[in-house]
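Working notes for the structure below.
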């Protein structure tokens, strides 16, 4: 009897402690590629493996038991199977299907066609609304601060307006689109970015390098495409409200309406208010511009017959902002007693698309924007009116291995202001009107893992004549995780100084235009490599790029020849922007995610044999976002930051006591968020943890903003006096970072699905 009991015990022990093998094949539904690199992970044992080049996997040494198996892949939703009993060697296959929760995002900006990010021959960076929430900001302008190679640049210490620098290139080289439409340009390059409400943003797509072949002028350094939410997929109601210890208040609201089976609408309202003058650096001027801003957005989406789509959206934006002497009020506007910069902005936009009821896939895209600005820079008024109308037909046709896209863009720009930019020689006012018809063709050819994209565009500018911009791209897709891309293209830009350079408007310096300015032209090359490394239930994403841009006819402001002037001229030579960037994305099996990136760049101009670096261009930049989530508690932590290398600053001559170069500086933030299942979130944290602020003397001669006590010689140069020993004039353009130091913030977010 004892022998039998011992035998049974031994059999049970063998069965219990037996080591089994789990193996099989992972198949991608509807795709020819194998699931190379797919992760197979057993939760209870915390062990995993990855699939080989044929999609096969194998896990050994598995004790008898019941387990939960998770299969994840870079471009597919995770598959989870519970209660899998393993008491012998088991062969188990998995089929991965695309879905709404796929990790591989869909992009449209690179080719004007919806493709997965990995399949796009043009590298595209994506910023989701969730990423923006990691460090809540009142506008997308500030939200781009933590994107590698992108830097929001403040252009004035007084009114705090700015633009987007990309890979070290100035703001006018970056085109800003809303749903692919050229809405933010010209006059609104400086003043329109801060008025795009976060409540309407689904994602932001960023292309670095010229995209003039598809998008025309201004897309020389790159473009930012703000994709608004699809009303049919938007939440029923959303609200986001927060404030900081500086007593600024931001409210974003969104409401969805369903109008029958085939129509849905999204209404978004964004309001920002700051009315608390602060002068922490004791220069007598406001550290942050006071603002009262509202933006109302309404978008309609329609489902037409035969699965055709149409949408239309409209936005109204109003802003009243001022900065300057702490004693300023509106009674001093346009006066020369107390200095202030006051800007009233009214803006209206309409944009949409309509797929024509024809057998071919033909879409009409259209937009119209009206931008009115009433400004006073001290005693100098600046009144400007800009209207832009845009329309184009797009024909998308697939013929065998060729995917053709043909477009017929037409753009009309009306611009008028009270400066010399729109005056005849006899002093009469003359509005600037530019017609820009064009045509482009793009052919994407796919042969196995190879894809070639060829494109060309012809525009006729009513002022400058014919402009031709070709483009070529090559992509090789090793598998679903590894891709290499090479892009080469030409860019061009039509310049309007008075709408793009804030320093030309402050009145602090005289504007000198040496001759009729020719369009800038550039050639760009970009080599991009993407590598996804899957290890168990974690993966690491690497995205590296080499970029090189060569400019001719480049126009940059010359601050150095005469400190009282800004001199504009076509460069008699060439300019170069080159560098390397790397993005790293860590996703761990536990709820930790790290996104980090860095860019090293070299920007220079060469004229008359002399090579020099432009002002306000950094040599390196870095960004990061670290997130950790305690899922059971519904609590998450976000630590975001950036760091910028030194940049040359626009000093007022050799005797200017201010530093010629900025220091290495960094803005860092931390946020804690508590989430409930009913859609409510409470968050709070600290911005600018290091309490970094620029020097207190950034505004030159803030005590004499109208230069009433400045002595000038017969040659126009400033003469040093006991009251002005460094021979300076008033100048707010010495700016590279915001004046807001460390501050707390708190907010509430609610989403009803």
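For the reader, a short list of remarks on this structure follows.
- If you go through the range 50-88 and keep only what is modelled with pLDDT under 80 and part of a strand (DSSP E or B), you end up with 50, 72, 73, 76, 77, 78.
- Only residues that are surrounded by 14 or more Cβ atoms within 10 Å (Cβ to Cβ) and either assigned to a loop (DSSP other than H, G, I, E, B) or not assigned by TED's automatic domain parsing to the domain that holds residue 616 (or both) were counted in the range 665-694, giving 6.
- For residue 430, the conditions (1) at pLDDT 85 or above; (2) touching a strand residue (DSSP E or B) at 6+ places or on another chain (Cβ under 9 Å) are fulfilled apart from (1).
- All positions within the range 288-310 that are surrounded by 21 or more Cβ atoms within 10 Å (Cβ to Cβ) and either more than 15 Å from residue 159 (Cβ to Cβ) or out of contact with any strand residue (DSSP E or B) (no Cβ under 9 Å at 6 or more places or on another chain) (or both): 295, 297, 299, 301
- Residue within the range 279-286 that is part of a strand (DSSP E or B) and over 28 Å from residue 238 (Cα atoms) present: yes
- Only residues that are in a strand (DSSP E or B), touching a helix residue (DSSP H, G or I) at 6+ places or on another chain (Cβ under 7 Å) and closer than 30 Å to residue 281 by Cα were counted in the range 293-341, giving 3.
- Residues in the range 119-137 that are closer than 21 Å to residue 636 by Cα and either in a loop (DSSP other than H, G, I, E, B) or touching a helix residue (DSSP H, G or I) at 6+ places or on another chain (Cβ under 9 Å) (or both): 127, 129, 131, 132, 133, 134, 135, 136, 137.
- Within the set 547, 551, the sole residue that is in the same structural domain as residue 484 (by TED's automatic domain parsing), buried (at least 19 other Cβ atoms within 10 Å of the Cβ), modelled with pLDDT of 90 or more and under 30 Å from residue 436 (Cα atoms) turns out to be 547.
- Hits in the range 219-258 - residues which are out of contact with any helix residue (DSSP H, G or I) (no Cβ under 7 Å at 6 or more places or on another chain) and in a loop (DSSP other than H, G, I, E, B): 230, 231, 232, 233, 234, 235, 236, 245, 246, 247
- Going through (1) out of contact with any strand residue (DSSP E or B) (no Cβ under 8 Å at 6 or more places or on another chain); (2) surrounded by fewer than 13 Cβ atoms within 10 Å (Cβ to Cβ); (3) closer than 30 Å to residue 251 by Cα one by one, residue 741 falls short only on (2).
- Residues within the range 721-730 that are surrounded by 13 or more Cβ atoms within 10 Å (Cβ to Cβ) and in a loop (DSSP other than H, G, I, E, B), tallied: 5
- The single condition among (1) buried (at least 16 other Cβ atoms within 10 Å of the Cβ); (2) closer than 30 Å to residue 330 by Cβ that residue 414 does not satisfy is (1).
- Which numbered condition residue 511 misses (of (1) at pLDDT below 75; (2) surrounded by fewer than 16 Cβ atoms within 10 Å (Cβ to Cβ)): (2)
- Looking across 682, 670, 594, 626, one residue alone is farther than 30 Å from residue 157 by Cβ, at pLDDT 95 or above and in contact with a strand residue (DSSP E or B) (Cβ under 7 Å, 6 or more places away or on another chain). It is 682.
- Criterion: surrounded by fewer than 18 Cβ atoms within 10 Å (Cβ to Cβ) and either modelled with pLDDT under 95 or farther than 30 Å from residue 553 by Cβ (or both) - qualifying residue of 657, 650: 657
The values are calculated or read from the model by the stated rules, or taken from the named source; none is laboratory data. These numbers were taken from a predicted model, which means no experiment stands behind them. We place every Cβ from the backbone using ideal geometry, glycine too, and count neighbours over all the protein chains shown.
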